[in-house]
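Peer 1: First the structure, which I've put down as structure tokens, then a few questions once you've had a look.
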Amino acid sequence: MSSVDYTQELSVVEGKQALRELDDLIAKPLETKPDKKFYIALSITLSMLSLLVIGLGLTFYYGIGMWGNNNPVGWAFDIVNFVFWVGIGHAGTLISAILFLFRQKWRTGIARFAEGMTIFAVMTAGLFPLIHVGRPWLAGYLFPYPNQHSLWVNFTSPLLWDVFAVSTYFIVSLIFWYVGLIPDLATLREKTNHKLKKIIYSIFSLGWRFSNRHWQNYEMVYLILAGFATPLVLSVHTIVSFDFAVSIIPGWHTTIFPPYFVAGAVFSGFAMVQNVLVIVRKIFNYEHIITIDTLEKMNKIMLLTGSLVGYAYAMEFFIAWYSGVEAELFAFLNRALGPYAWAYWIMIICNVVSPQLFWSKKIRRTIPVMFVIAIFVNIGMWFERFVIIVTSLSRDFLPSSWAYYTPTLVDGMILIGSFGFFFTWILLFTKALPVVSMAEVKAVVDGAQPSHKDN
Amino acid sequence: MSSSSVEYQKKELPAKVQTVGFGLFIAGLFLVVLGYIVDPTRSAYNNIIGFTFLASIAVGSLFLVGIEYLSGAVWSTPFRRVSEFLSSLIVLLPVLFIPLLLNVNNIFHWTHPAPSDKTLIGKAPYLNVNFFIGRVLVFWLIWLLFYYLFTKNSLMQDQTKDQNLTKKNVKLAAVFMPLFAITISFAAIDWLMSIEPHWFSTIFGVYYFSGTVLAALAAATIIIVLLNERGYFVKGIHTDSYYSLGALLFAFTNFWAYIAFSQFLLIWYANLPEETFWFLQRWEGSWIAASIGLIVVRFVVPYFGLLSQPSKMNPKRLLVMSSWILFAHYYDLYWLVMPNFSKGGVALGWIELGFPLLIAGLIILVFVYNSRKNNLVPIGDPKLKRGIDFRL
């Protein structure tokens, strides 16, 4: 392991497994009955999910007065959670689209799972604007359509751009995910003896027959979708950042927000994918498909994006001073030294300091350590949004209206419940669909790629 | 195991190239000197455009070398020397910086703030001449050091074919990247943003970075395509290897547009006078046309020129587009700098011609000098064979 031979391409998948064995291994969770561990995990996530149901029930019954939001702090946990979950949803399409365009073969082992997580994370995120509007049954008016009330949306509001950006992103991610699934569904259709499963797989594999022409069209569609998805991934968090940055609240209005939010989203998304995959590869025996090398590369991306986020924090601070605008400087000093300093320093330690440990190759390749660092990153990224949103609002332009925000029990229930919602979907996904792309992994096994020269 | 059986025959560049380079250099030098005699202030503004342009190519090329090592890319290995040669321009950066320093009072009015200007006086701990020079010196020494180390290891590998040298450069690249990010950002703030010292934008460092990478990529692409089509590299390089050059030019064109648009939209939307005045300066008189032109020149043309897949591999298209992008980077810097000199309308005359000619000549001469001394292909690089065999 110590010295790398640069003349050879590194293998993506360890060992030379027969293609049939790979199919069997990946399809195994779908062909076997769930074991006890699965039910234990599911009961935990469902319990968490029930907290969401209770929290939302209380909110709908009594109104959003159940939350800790107060007069200057009109946005709090709801928007923090929204931005957090949209951020988590960034890794999937980044891995499947951007890394595809960069021809990074190591993405194949993790792409499917990450895409699935994208979809579930965006679904989780979508809950929050719905409940935040207070009257979710009126949310349909967010879509601009001619209606009898002559109600029309405000096209100049970034909140509306969010509706378009997130829903477009969701649809394209779903299509991208589904297109990638088609060859695998056909494989499953061939493998299964179960009648009902066979019918379902047959319908959803759209008559795939593994013919050369199918593959050719498939690859072209995949490339084009990757091309479409790439600007979409970047646009989603860009527009989320516009929600804040177009305003004139000090600490929100800063021009670096768009790329900084995108970097942060990729950062937290990778951390979440790494956390979940570390468990999945162990339980399903995918250690040779999702290799330590792959995890190491993910950790490198976390080091990169974590440092980019650190760069943005520092640049914001410097420009706040450099600008000579009193309100700007106050907003940043207040973050670091004010009543929410505890949240700020949690953010700095988790987001900027902890990923720096990934400079060490040993740490990048040690599973327990990288797992803990990724958890830290997720905590830190949640706090980043909390710091941005709450500290700026709680100390706004009028000192007479300043107030400290404290979340309520219902806020906490909804936050924990959102994790329950997300992980319930993840668990169901692992038993319903192949979490690794069979077709793509088979294409990157050693010797699968025809070489134009004899070796 | 070792498959380093690459046949490389060193070919000298025709003498004509050097003559052209020398001619451009002398013509440029003449105009620059004349310009400094006739109108020193205007020449100094042009000097900063020329200097930041040259710095883009020099430091951007070093970034490209570093990123190849760090990402383990192979498609670019046969061409890496081109960027290595271009990064040697770092050594010459003081040549364009010293005349700037002599005119520092003409360009940067933070050097002598009005006593009533509390904002500028507040910035004095950062914006003062001594610290400014100190920073430039630190940036330059960092770049020089990494230029020296990267090329030393790379050239040594031509003889020793030692894989450890690649590993050394990978480690160097990891150390270089954060330093590069910091130095290029503060260089952008110092050299470009502080010309209008009241204005501020947190994204400005990223803005200059995006243009820097584009300029370095475009300069490398021009040379790579010109030389490869005439067989100066090794046999067996397929046009597939061009694809990544085209794709990266396309990607960074979009990246620049994204950054530029983000900066504009957020300032326009928030409509705070301490920020909008900078764009309003670029919206006066004939600057309107220049501002709209920037969108067309820097984004629309290269976007459509490189959108389709075949165009990213077509040598002619690449040559035209990368020359265009290089021009667009100069245009962009002109748009950033000149509204501070000529308020109310575009200033364009023979003085503006001096620095582009001088720099074009300088780049050609430096490249010829390097290619005479060293191999154009890193023949000892372990990734070279894979790079030549690269197919999409």
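Peer 1: Count the net charge of all other residues whose Cβ sits under 15 Å from the Cβ of A:G68, scoring Lys and Arg as +1 and Asp and Glu as -1.
Peer 2: Details: positive: none; negative: A:D78, A:D411.
Summing Lys and Arg as +1 and Asp and Glu as -1 gives -2.
Peer 1: Whole-Å semi-axes of chain A's equivalent ellipsoid, largest first, each the root of 5 times a Cα gyration tensor eigenvalue? Spell out each step's value before the answer.
Peer 2: Numbers: eigenvalues 312, 140, 89 Å².
Taking √(5λ) for each eigenvalue gives 39, 26, 21 Å, largest first.
Peer 1: Order these by the 10 Å Cβ neighbour count, fewest first: A:W75, B:W75.
Peer 2: Details: A:W75 18, B:W75 24.
Ordered by Cβ neighbours within 10 Å, fewest first: A:W75, B:W75.
Peer 1: Using alpha carbons only, how many degrees (0 to 90, rounded to 10) separate the axis of helix A:212-245 from the longest principal axis of chain A?
Peer 2: With rounding to tens, the tilt is 10 degrees.
Peer 1: If I take the Cα coordinates of the protein assembly as shown and project them onto the principal axes, what are the three extents in Å, biggest first?
Peer 2: Taking the Cα atoms of the protein assembly as shown, the three principal extents are 85, 78, 53 Å.
Peer 1: Here is a follow-up. Where in chain B are the DSSP H helices whose C-alpha atoms run 18 Å or more along the long axis and whose mean Kyte hydropathy is at least 1.6?
Peer 2: B:15-38, B:204-229
Peer 1: Which whole number gives the average, over all residues in A:301-309, of C-beta atoms from other chains lying within 10 Å of the residue C-beta? Intermediate values should be presented prior to the final figure.
Peer 2: Numbers: counts 0, 0, 1, 3, 0, 0, 3, 2, 0.
Per residue, the average neighbour count from other chains is 1.
Peer 1: Hey, another quick one. On C-alpha positions alone, give me the angle between the axis of helix A:409-432 and the longest principal axis of chain A, in degrees, nearest 10.
Peer 2: 10
Peer 1: Using a 10 Å cut-off around each Cβ of peptide B:201-209, what is the average number of partner chain Cβ atoms that fall inside? Walk me through the numbers on the way to the answer.
Peer 2: On the way: counts 5, 16, 10, 4, 5, 9, 2, 0, 0.
The shielding value for this peptide is 6.
Peer 1: Go through A:K36/A:K197; A:K297/A:K362; A:K105/B:K312; B:K11/B:K168 and tell me which ones have a Cα-Cα distance over 18 Å in this structure. Show your work: numbers first, answer last.
Peer 2: Working: A:K36/A:K197 23 Å; A:K297/A:K362 13 Å; A:K105/B:K312 22 Å; B:K11/B:K168 29 Å.
Going by Cα-Cα distance, A:K36/A:K197; A:K105/B:K312; B:K11/B:K168 fall outside the 18 Å limit.
Peer 1: Rg over Rh of region A:49-194, using C-alpha atoms and the Kirkwood radius, what does it come to? Walk me through the intermediate numbers first.
Peer 2: Details: Rg = 19.2 Å, Rh = 17.9 Å.
Rounded to two decimals, Rg over Rh is 1.07.
Peer 1: Let me know the mean shielding of B:380-391 by other chains, meaning the per-residue number of their Cβ atoms within 10 Å of its Cβ.
Peer 2: Working: counts 0, 2, 5, 4, 2, 3, 4, 0, 0, 3, 1, 4.
Per residue, the number of nearby Cβ atoms from other chains is 2 on average.
Peer 1: Whole-Hz Karplus ³J(HN,Hα) for region B:73-78, in order, using 6.51 cos²θ - 1.76 cosθ + 1.60 and θ = phi - 60°, x for Gly and Pro?
Peer 2: Computed from phi, the couplings for region B:73-78 are 5, 10, 4, 8, 4, x Hz.
Peer 1: Hey, fewest Cβ within 10 Å first, where do B:S87, B:S342 land in order?
Peer 2: Details: B:S87 26, B:S342 15.
Final ranking by Cβ density, sparse to dense: B:S342, B:S87.
Peer 1: For region A:176-245, just the Cα atoms, rotate onto the principal axes and tell me the three extents in Å, largest first.
Peer 2: Taking the Cα atoms of region A:176-245, the three principal extents are 55, 27, 13 Å.
Peer 1: Quick one: order A:K361, B:K383, A:K300 by neighbouring beta-carbon count within 10 Å, fewest to most. Present the calculation step by step, with values, prior to reporting the outcome.
Peer 2: On the way: A:K361 13, B:K383 25, A:K300 19.
Listed from fewest to most nearby Cβ atoms, that is A:K361, A:K300, B:K383.
Peer 1: Using θ = phi - 60° and the Karplus form 6.51 cos²θ - 1.76 cosθ + 1.60, what ³J(HN,Hα) does each residue of region B:383-389 get, whole Hz, x for Gly and Pro?
Peer 2: Result, rounded to whole Hz: 8, 4, 4, 5, x, 5, 7.
Peer 1: In a Debye calculation with equal point scatterers on the alpha-carbon sites of chain B and no solvent, what is log10 I(q)/I(0) at q = 0.07, 0.09, 0.14, 0.15 Å⁻¹?
Peer 2: The computed values of log10 I(q)/I(0) come out as -0.32, -0.54, -1.28, -1.44.
Bear in mind that the values in this text are calculations on the coordinates, not laboratory data. Predicted, not measured: the structure shown is a model, and the values here were computed from it. Glycine gets a Cβ as well: all are built from the backbone with ideal geometry, and neighbour counts include every protein chain shown.
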